[in-house]
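Below is one structure, written out as structure tokens; comments come after it.
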Amino acid sequence: MDFDAGTDNGPKPQGVVRELEHNEARYRALFGHNPDPIFVLDSDCLIVSGNSALESISGYKLNELVSRPFTDLLVMADREHALRHVGRALSGTAQVLEVIGANRDGREFTVSLSVFPMWDETQIVGVYGIARDITAHKDAERALRDSEERYRLLAEHVQDLISLHDLEGRFLYATPSAMELLGIHPVELIGRSVYELVLPEDVAALQEAHRDILARNGKGPLAYRAFRVDGTVRWFESTARMTEPDHTGERRIVSATRDITDRRQLEQRLTQSEKLEAIGRLAGGIAHDFNNLLTVISGQAQLALAQVQRDSKIMDQLDAVCEAAGRATALTTQLLTFGKQQMTRPAVLNLNESILGLHGLMRRLVSEDVVIATNLATDLWAVQIDPAQLEQVVINLVVNARDAMPKGGTLTIMTANITPAAAFVSSRELERAEYVLFRVSDTGEGMDDETAKRAFEPFFSSKGSAGTGLGLPTVYGIVQQAGGVVTLKSDPGEGTVVMVYLRRSIETPRPPEFDGTTIPDNMHGTECVLVAEDDTGVRALVEAVLERYGYRVVLASSGEEAVDVFGSLDADPAKRVDLVIADVIMPRMGGADLASQLRSRRPGLPILFMSGYTSDALARKGLSGKFDLLNKPFRPETLAASVRRLLDRAAAAS
């Protein structure tokens, strides 16, 4: 198109000039004062111009930037990438990219870069670009991603079940640990109410806790039982609280739940152990008093028997008294054993040899329709336990198994060396040590869970009035006293298994030491014996027995009185005391203190202690080391034999 030369080249109207000047001023203001860096590049990607924001972000003055490659303002790794995009802009296509810039001091920053082709009428002569510093935004995004990653890792690896619920208790979210705790995939929990999983008996407690959460914004910890997907019941403990309102104004309940089944079982076993120990102390105390009574009843009856004619009717009656006293003594021994207050004489022995030695007795205890099978380990480790108490354990377990099989069956006795694993140890109160396992199982009627839980409870019997309820408690007491552990497993119709774990002894088994209970040929004597006993009946019995065997007896009802009597008699050689019999436990001054005082006056004085307590209990009363002890209740001839033996030993030593 041709234009008139005058029109084309003539001066522009004044208004147009002013408008152009205003527009140029506005564009320069926008360019110069824009908070985002703006720059112009030529076709060689060199900086032509830029605004003050470009100076601020780069750290260079504008005159230092002009004619400089714009890639000098980028980190090395992003330069080629940026040049490719600028090249596309020079080809006519606008580009948007993210790059890492580096200022004059080396500080790096992230920018979102937009580059556009710059036209000169018909051709592209360069590009202009706008950069926006998005470092803070990228840092926030990175922090958010890191936070989300941390929470994801926590959610995926935490053992507790972390869950989110609506105010009605329905699941909105659950961590993957739901599979481990409940056997349910977290997705399957969404929308389900927590009450669907809880045992009906525990729903009321959970509902009350739910109301507390809504009212007080927090609750816990709460223990309850819930079903796993396989139908098993486990104990769980939860703490929960309400969240703050979200952007919609809604509040949620967040809960942390863990499986405490193993802990509950340990707590129950601890409670049972403490209960048994308390009952044991009570039973032991009562049994000790019974021992004094039985000592008198049995001893006086035996003294009377020795004075009546063999064909007298009175003899039958006295025999009945002695027999009843014997049964009462056996029962009292069980009580003392259960209460860990029975005198013990531990020996290192081989459990297999002890069991085989009792086979004949076991065979007599069971009926002909009961098969006794043994599976005894070779090279069995030694254990340390009182042989008499081990016999009591075996007999009690065999009798229990026999009674559980009224129609016959198989009784199996097994021994083994074991070193339990950590998980096994934690579930059975064992330590990481070496044990000998003594296992007795039967094919009898078995017990339900409730009965099995009470099996070691004293005076509880599944046999009704036919049982004393002391069989298994006695086993429990003996094994505990020996430093072992006893457990029981039983199911209705599946029989019962009792497992006794005894610690391995590194010593070599040897025959038990001589216990001094044999009766000498001559038990008579004329020596003076001082008897210190606070129980009137026992004191009178000892006096009657010793006088019958010819001894001169002096009595004292307390330790203090015995000290006075001893002092008064010791002054006269014709009346001096040759031996002292002292009850271990007396008011104010017990046997140990009495012995200490008397032996300070006459070293080597023979003293015979009387008691029904364990060696541990006697140690607590001040007796330690080796000492001569007569266990209550005792037979008259046992008392006389012990006195004679001590006097003869003292005479030989002098």
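Couple of notes before you dig in:
- Charge tally for Leu164 (other residues, Cβ to Cβ under 14 Å; Lys, Arg +1; Asp, Glu -1): -1.
- Using a probe of 1.4 Å, the accessible surface attributed to Leu293 totals some 100 Å² when neighbouring protein chains are kept in position.
- Taking all protein chains as they are arranged and a probe of 1.4 Å, the heavy atoms of Arg84 leave approximately 120 Å² accessible to solvent.
- Net lengthening on full extension, Ser193/Ser67 (0.36 nm per residue, minus Cα-Cα): 38.3 nm
- Two-site FRET efficiency, Met315 against Asp289, from Cβ-Cβ distance with R₀ of 35 Å, rounded to 0.05: 0.75
- Length added when fully stretched, Thr378-Arg88, from 0.36 nm per residue minus Cα-Cα: 95.6 nm
- Peptide packing for 138-147, 526-535 was compared via the average number of neighbouring C-beta atoms within 10 Å per residue; ordered from the highest value, the list is 526-535, 138-147.
- Alpha-carbon centroid distance for the pair the range 226-246 / the range 367-423, whole angstrom: 43 Å
- In this structure, the amide hydrogen of Met118, modeled 1.01 Å from its nitrogen in the peptide plane, lies closer than 5 angstrom to those of Val125, Gly126, Val127, Tyr128, counting only residues at least 5 positions away or on a different chain.
- Residues listed by number, the range 44-77, amide nitrogen under 13 Å from Lys138 label point at 7 Å toward C-beta: 74-77
- Shape category assigned to the range 142-216 from the gyration tensor of Cα positions, a/c cut at 1.5: prolate
- For the range 144-216, the set of GluC sites (Glu not before Pro) satisfying both a DSSP loop assignment and a count of at most 15 other C-beta atoms within 10 Å is given as Glu168.
- The range 178-258, accessible surface, carbon-and-sulfur percent (1.4 angstrom probe): 52 percent
- For the range 35-132, the square roots a ≥ b ≥ c of the C-alpha gyration tensor eigenvalues yield an a/c of 1.5 or more together with a/b exceeding b/c, which makes the shape prolate.
- Annotation: extensible slack from Gln307 through Arg552 equals 86.1 nm (criterion: 0.36 nm per residue apart, minus Cα-Cα distance).
- Distance in nm between pseudo-label sites at Ala540 and Val233 (7 Å out along the Cβ direction from Cα): 5.8 nm
- For the range 27-102 and the range 565-580, distance of Cα centres in Å: 121 Å
- A Förster radius of 51 Å, combined with the Cβ-Cβ distance separating Asp36 from Glu244, puts the computed FRET efficiency at roughly 0.85.
- Label point distance in nm, Asp105-Ser56, each placed 7 Å from Cα along Cα→Cβ: 1.5 nm
The values are calculated or read from the model by the stated rules, or taken from the named source; none is laboratory data. What you see is a predicted model; the values in this text were computed from it and never measured. Please note: Cβ atoms are built from the backbone with ideal geometry, for glycine as well, and neighbour counts cover all protein chains shown. Quick note on the areas: whole protein, heavy atoms, side chains included, nothing else; ligands and nucleic acids left out. Shrake-Rupley method; radii C 1.70, N 1.55, O 1.52, S 1.80 Å.
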